[in-house]
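Structure record follows, encoded as structure tokens.
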Amino acid sequence: MMLTLRWRLLRLAVAGCLLAGIPACTGEVTEEPDLVLAEREGPQAPTQEAVVESDLVLAEQGDAAAQGRLGAAYYGGRGVVQDDGEAVRWARLAADQGDAVGQGVLASAYNTGRGVAPDFGEAVRWARLAADQGGAIGQSVLGFAYYGGRGVAQDDVEAARWARLAAEQGDASGQTLLGMMYMQGRGVDQDDISAYTWLTLGASGLGVTGAREMRDDVVARRMTPEQIAEAQERALDWGK
């Protein structure tokens with residue numbers, strides 16, 4: 001079961017991003033957000049459609065940051081009809097100008113073969129360019145690359161390092177990967193409370209597939225009610 005979950009997540013939760021402060025998955029379209037952290041919601045953010053409309057104007061003027069955000073929007077189908085070709089087009093324009101979000105989306109596209117022919121080497125190249133700038137999407141893609149040994153030599157310690165950097169920026173895929181690694185004891189000491197915490201945070205983004213089911217179907221079954229309560233409290237306190 002755990003192996004099945006691992007590869008399902010590796011296929012579907014390859015990358016994540018923050019679009020105008022809203023966590024969004026840039027892997028396959030997934031689940032509804034987990035409600036454990038619902039009480040942390042603040043004032044209502046602008047609609048995703050409004051963000052895309054504003055970014056489109058800027059992107060057409062050559063604004064790299066807007067192009068990168070637009071690529072992420074098309075890739076995830078957030079605020080616009082999902083379109084891999086448009087995602088790659090805008091992401092490449094941004095990436096060629098050095099934008100970390102565009103580079104990360106392009107890395108994810110090469111990793112999954114969405115909008116381009118799959119190429120793990122190109123995925124890692126673009127992911128590293130983004131990650132070295134602190135881009136959370138690139139860090140997450142690089143974490144998954146090291147986790148699965150795709151485009152780089154497999155290395156659990158490096159996978160956990162990049163996953164943590166992405167996770168600490170609020171990236172749902174990075175949080176999910178880090179939680180999975182704590183669950184399995186790969187690259188980090190096995191720790192169910194940490195696993196539950198990070199998987200909860202990952203599931204509270206716009207639903208990275210696999211986070212919630214691993215938390216509830218694998219990790220929670222090994223924990224006491226007191227441990228679950230502690231993990232939930234850590235998740236609620238995260239980022240405060």
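Which members of region 45-95 meet the condition of being on the phi > 0 side of the Ramachandran plot and in contact with an Asp or Glu (Cβ under 9 Å, 6 or more places away or on another chain)?
Applying the first criterion (on the phi > 0 side of the Ramachandran plot) to region 45-95 yields 62, 77, 79.
Across region 45-95, the qualifying residues are GLY77, GLY79.
Exactly one condition in (1) crowded, with 19+ Cβ neighbours inside 10 Å; (2) modelled with pLDDT of 95 or more; (3) within 22 Å of THR209 (Cβ to Cβ) is false for ARG128; which is it?
(3)
What number goes with the only condition from (1) surrounded by fewer than 17 Cβ atoms within 10 Å (Cβ to Cβ); (2) in contact (Cβ under 8 Å) with a residue 12 or more places away in the chain that GLU168 does not pass?
Failed condition: (2).
Pairs needed: first member in region 88-105, in a loop (DSSP other than H, G, I, E, B); second member anywhere, crowded, with 21+ Cβ neighbours inside 10 Å; C-beta distance under 6 Å; at least 6 residues apart or different chains.
From residues that are in a loop (DSSP other than H, G, I, E, B), the pairs are ASP99/GLY68.
Determine, yes or no, whether ALA203 is in contact with a Ser or Thr (Cβ under 8 Å, 6 or more places away or on another chain), surrounded by 23 or more Cβ atoms within 10 Å (Cβ to Cβ) and of a type outside the set (Asp, Glu).
On the way: in contact with a Ser or Thr (Cβ under 8 Å, 6 or more places away or on another chain): yes; surrounded by 23 or more Cβ atoms within 10 Å (Cβ to Cβ): yes; of a type outside the set (Asp, Glu): yes.
Against the criterion (in contact with a Ser or Thr (Cβ under 8 Å, 6 or more places away or on another chain), surrounded by 23 or more Cβ atoms within 10 Å (Cβ to Cβ) and of a type outside the set (Asp, Glu)), ALA203 qualifies.
Among the numbered conditions (1) closer than 25 Å to LEU199 by Cα; (2) in a helix (DSSP H, G or I), tell me where GLN154 comes up short.
So GLN154 meets the others, but not (2).
Being hydroxyl-bearing (Ser, Thr, Tyr), without any contact (Cβ under 8 Å) to a residue 40 or more places away in the chain and surrounded by fewer than 24 Cβ atoms within 10 Å (Cβ to Cβ) is true for just one of THR224, THR209. Which residue is that? Walk me through it before giving the result.
On the way: THR209 fails: without any contact (Cβ under 8 Å) to a residue 40 or more places away in the chain.
Selected residue: THR224, the only one of THR224, THR209 that is hydroxyl-bearing (Ser, Thr, Tyr), without any contact (Cβ under 8 Å) to a residue 40 or more places away in the chain and surrounded by fewer than 24 Cβ atoms within 10 Å (Cβ to Cβ).
So how many residues does region 93-115 have that are farther than 17 Å from LEU70 by Cβ and β-branched (Val, Ile, Thr)? Steps first, answer last, please.
Filtering region 93-115 down to residues farther than 17 Å from LEU70 by Cβ leaves 110-113.
Subset that is β-branched (Val, Ile, Thr): 112.
Counting residues in region 93-115 that are farther than 17 Å from LEU70 by Cβ and β-branched (Val, Ile, Thr) gives 1.
I'm told ALA229 meets every condition in (1) part of a helix (DSSP H, G or I); (2) closer than 27 Å to ARG128 by Cα except one. Can you identify the failing condition by its number?
It is condition (2) that ALA229 fails.
Confirm whether LEU58 is surrounded by 16 or more Cβ atoms within 10 Å (Cβ to Cβ) and either modelled with pLDDT of 95 or more or over 20 Å from ALA166 (Cα atoms) (or both). Even if it seems obvious, please write down each step before you answer.
On the way: surrounded by 16 or more Cβ atoms within 10 Å (Cβ to Cβ): no; either modelled with pLDDT of 95 or more or over 20 Å from ALA166 (Cα atoms) (or both): yes.
Criteria not met by LEU58.
Of the residues VAL157, VAL188, which is surrounded by fewer than 24 Cβ atoms within 10 Å (Cβ to Cβ), touching a Phe, Trp or Tyr at 6+ places or on another chain (Cβ under 6 Å), modelled with pLDDT of 95 or more and among the β-branched types (Val, Ile, Thr)?
Values: VAL157 fails: touching a Phe, Trp or Tyr at 6+ places or on another chain (Cβ under 6 Å).
Step by step, each of VAL157, VAL188 is checked, and only VAL188 is surrounded by fewer than 24 Cβ atoms within 10 Å (Cβ to Cβ), touching a Phe, Trp or Tyr at 6+ places or on another chain (Cβ under 6 Å), modelled with pLDDT of 95 or more and among the β-branched types (Val, Ile, Thr).
Say whether the condition of being of a type in the set (S, T, N, Q), modelled with pLDDT of 95 or more and within 23 Å of GLN133 (Cα to Cα) is met by at least one residue in region 62-75.
So in region 62-75, the residues of a type in the set (S, T, N, Q) come out as 67.
Applying the additional criterion that residues be modelled with pLDDT of 95 or more yields 67.
Pick out the ones that are also within 23 Å of GLN133 (Cα to Cα) and you get 67.
For region 62-75, residues of a type in the set (S, T, N, Q), modelled with pLDDT of 95 or more and within 23 Å of GLN133 (Cα to Cα): present.
Quick check on my filter: what residues within region 184-226 are in a loop (DSSP other than H, G, I, E, B) and within 16 Å of the chain's Cα centre (by Cα)? Break it down into steps so the answer makes sense when it comes.
First, the residues of region 184-226 that are in a loop (DSSP other than H, G, I, E, B): 185-191, 205-210, 223-224.
Passing the criteria: GLY205, LEU206, GLY207, VAL208, THR209, GLY210.
Just one of the numbered conditions (1) surrounded by 24 or more Cβ atoms within 10 Å (Cβ to Cβ); (2) of a type in the set (A, V, I, L, M); (3) at pLDDT 95 or above; (4) out of contact with any Lys or Arg (no Cβ under 9 Å at 6 or more places or on another chain) is not true of ALA195; which one?
So ALA195 meets the others, but not (4).
The values are calculated or read from the model by the stated rules, or taken from the named source; none is laboratory data. Fair warning: this is a prediction, and the values are worked out from it, not measured in the lab. Don't worry about glycine lacking a Cβ; one is built from the backbone with ideal geometry, like all the others, and counts go over all protein chains shown.
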